[in-house]
Amino acid sequence: MVLSTTETRERYRRLFADHHRAIYAYFRRRIEVESAQDCTAETFLIAWRRIDDVPDGGELRWLYITARNVLRNVYRSKRRSFTVPGIDRDVADCGETPEVVLLRHEEEAAVRAALEHLRPDDREVLLLSVWEELPRDDIAAILGCSPHAVSQRLHRASGRLAKELDRVTTTPINRVVPTRVEELP
Amino acid sequence: MTDRDTALAMLAAVNPVADPAAIDVDELRTVIDRCEHEVSADRSANDRVTRGERRSREAVSSPRPTPALAFAVAFGLTVVAVVAAAFFGRDAGLAPSDERPVTTTTPITTTTFAVTTSGSLSMVKDIPYASEGEVDLTTSVFFPSEGEGPWPVIVVYAEYCTGCEADNTARILAMRGAVVFAPVWAIEDVSATEYVEGALFDRAACAVGLAQAVAPQFGGDPNRTIVMGDAGGEHPATWVAYGLERTSACPEPVRYPPVGLVVGAPQWLFHEDLWDQDFVSADAVALDTLDRFLNPERWHTADDLAVYLWATAYQGNNRILDGSDAEGWLAMRDSTGTLVADLEAVGAFDDGVMLLEDDARLMEARLRGAGIPVVTHYDETYLTTLSVKLYDEIWTFIDGRR
């Protein structure tokens with residue numbers, strides 16, 4: 001179907017309004033704020049240029065696939081690996097004692113270290129499920145595999161995450177082997 | 001021992017953005033502004049349709065609008081502009097920019113450069129256009145000291161040579177009346193993987209973005225951008241001209257699809273050292289990169305792109321054929337199933353050697369098949385560099401890209 005310029009712009013407007021927060025959040029969970037802003041803009045610019053390729057009803061999946069490619073290029077061009085960005089939250093949540101805050105920070109550090117040591121394909125399937133909260137059909141479409149394969153990969157990846165958590169919590173954080181430089185699968 | 005459910009709960013607890021709806025609007029303002037800017041300013045939004053899409057669109061008849069329909073369309077556009085303005089929080093809506101803008105004279109980026117003038121030629125050296133790790137990638141720019149612009153903007157990539165820029169070619173063309181950028185694009189420690197996966201070309205494409213952003217300061221019209229390269233330099237030039245660049249990491253994006261591509265000794269796609277190991281290991285990204293070069297359905301060119309293509313009988317990087325090529329190394333590269341037949345059609349198998357000229361003739365055939373005008377120069381000499389005659393022809397071609 002060939003859309004008129006007016007229809008195309010209207011479609012793009014809806015696409016942006018409906019999904020820009022989700023796509024920005026995807027990047028914000030994986031890279032720092034400025035890069036997340038750049039990557040989100042790049043993703044929607046690609047969507048604008050290729051609006052005719054964006055499938056009706058599959059917009060968000062298409063955007064996630066594009067976002068994933070954009071992120072892959074950032075990792076590749078900057079020769080960097082995955083790190084969990086900082087969490088924006090008030091340090092002094094109501095009712096938390098300094099000891100509780102310290103424990104929470106240690107736990108967060110352990111999860112970050114474990115996450116950064118996972119294989120990229122394990123990490124990606126976990127994050128799409130737990131952080132993006134996407135259903136398995138969507139994850140399958142984004143990763144290019146079957147929903148059944150997603151279930152299997154999630155099962156294995158959660159087991160590996162648990163093992164990594166055990167490993168990093170019995171090893172001083174500053175002794176954990178540095179993350180390999182690697183790319184998204 | 002941590003169990004799976006606990007691990008997943010701990011992972012959920014460290015989600016840096018637990019609720020996207022709670023993201024501060026100010027944090028998103030940059031994104032919204034940039035999208036609005038790109039959509040309103042980037043004429044390529046309408047030009048960068050693929051050749052396949054263009055053919056589909058041309059196949060759709062366009063009935064002459066009646067006055068009532070014209071009113072409805074105008075009303076609809078107005079509504080959309082108002083909605084878009086409200087949506088993007090700007091006074092100006094998304095003004096359609098279907099036509100190539102008239103000559104651009106306003107710099108997109110204003111920076112003060114140290115210009116050196118020597119006779120009829122001026123230059124600025126070492127302008128950074130991208131970075132790779134700790135290394136700044138730079139470009140020099142050469143432009144006429146006298147005379148009236150606006151001049152065409154040329155970005156010329158040297159052959160694959162670490163730290164080199166095509167300054168000689170740049171000087172020659174600048175003296176004829178052009179603003180010519182000569183970027184260093186090949187740096188040390190580039191892996192074969194980076195080459196076949198296109199990351200190298202993406203970085204090189206940033207030079208075109210920078211050139212278009214600053215060219216008006218030197219009298220250049222980025223609307224008339226020509227990209228040029230020979231041997232290894234043909235790859236980044238073609239990458240940009242075909243609209244294949246993924247420039248999210250570029251300080252300045254490519255805003256104007258090039259209207260001219262000048263390439264020599266293309267395309268090195270059958271080179272053993274550069275590519276074979278990746279195809280033997282069935283590297284999907286390598287195959288995708290090759291497909292982007294060869295498959296017109298993947299191209300996003302300017303409507304008015306034209307190509308000047310030259311090749312000589314140089315024998316240094318040719319591939320001896322052994323009769324099993326179609327089932328072997330060629331089959332691994334054939335994403336569309338037409339590669340072998342197309343090579344046969346251009347006579348690539350006639351002499352037992354896959355010449356660089358065969359690459360060129362394949363490129364020519366696919367360009368023509370996509371409806372892109374091509375000027376060719378097949379030279380019987382063994383030259384690997386540009387001759388005076390070639391410079392004359394190339395300049396005639398560039399001067400005609402108006």
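The values are calculated or read from the model by the stated rules, or taken from the named source; none is laboratory data. This one's a predicted model, so the numbers in the text were calculated from it and none came from an experiment. Neighbour counts run over all protein chains shown; Cβ positions are idealised from the backbone, glycine included.
Let me confirm something: among B:Asp126, B:Asp221, which residue is assigned to a strand (DSSP E or B), acidic (Asp, Glu), buried (at least 16 other Cβ atoms within 10 Å of the Cβ) and touching a residue at least 12 places away in the same chain (Cβ under 8 Å)?
Details: B:Asp126 fails: buried (at least 16 other Cβ atoms within 10 Å of the Cβ).
Unique residue meeting the criteria: B:Asp221.
Output the residue which, of all residues in the range B:133-152 that are surrounded by 14 or more Cβ atoms within 10 Å (Cβ to Cβ) and more than 14 Å from B:Pro183 (Cα to Cα), is farthest from the chain's Cα centre (by Cα).
Among those that are surrounded by 14 or more Cβ atoms within 10 Å (Cβ to Cβ) and more than 14 Å from B:Pro183 (Cα to Cα), it is B:Ser145.
I'd like the full set of residues that are surrounded by fewer than 22 Cβ atoms within 10 Å (Cβ to Cβ) and within 8 Å of chain B (Cβ to nearest Cβ), limited to the range A:23-36.
Listed by number, the residues that qualify are A:Arg29, A:Val33.
Any chance the range B:186-204 includes a residue that's modelled with pLDDT of 90 or more and either among the β-branched types (Val, Ile, Thr) or surrounded by fewer than 21 Cβ atoms within 10 Å (Cβ to Cβ) (or both)?
no
Hey, which of the helices (runs of 4 or more DSSP H) in the range A:85-143, taking only ones fully inside, have at least 2 residues that are modelled with pLDDT of 90 or more and within 12 Å of chain B (Cβ to nearest Cβ)? Break it down into steps so the answer makes sense when it comes.
Values: elements: A:98-117, A:120-130, A:136-143.
Fully inside the range A:85-143 and qualifying: A:120-130.
Could you figure out which of (1) over 14 Å from the mean Cα position of the chain (by Cα); (2) in a helix (DSSP H, G or I); (3) under 18 Å from B:Val115 (Cα atoms) isn't true of B:Leu210?
(1)
Name the single residue, out of those in the range B:229-259 being of a type in the set (A, V, I, L, M) and over 10 Å from the mean Cα position of the chain (by Cα), that is farthest from B:Gly177 (Cα to Cα).
Taking the range B:229-259 as the starting set, the residues that turn out to be of a type in the set (A, V, I, L, M) are B:231, B:237, B:240-241, B:244, B:249, B:254, B:259.
Remaining after also requiring over 10 Å from the mean Cα position of the chain (by Cα): B:231, B:249, B:259.
Numbers: B:Ala231: 25, B:Ala249: 31, B:Val259: 17 Å.
If we take residues in the range B:229-259 being of a type in the set (A, V, I, L, M) and over 10 Å from the mean Cα position of the chain (by Cα), then B:Ala249 is farthest from B:Gly177 (Cα to Cα).
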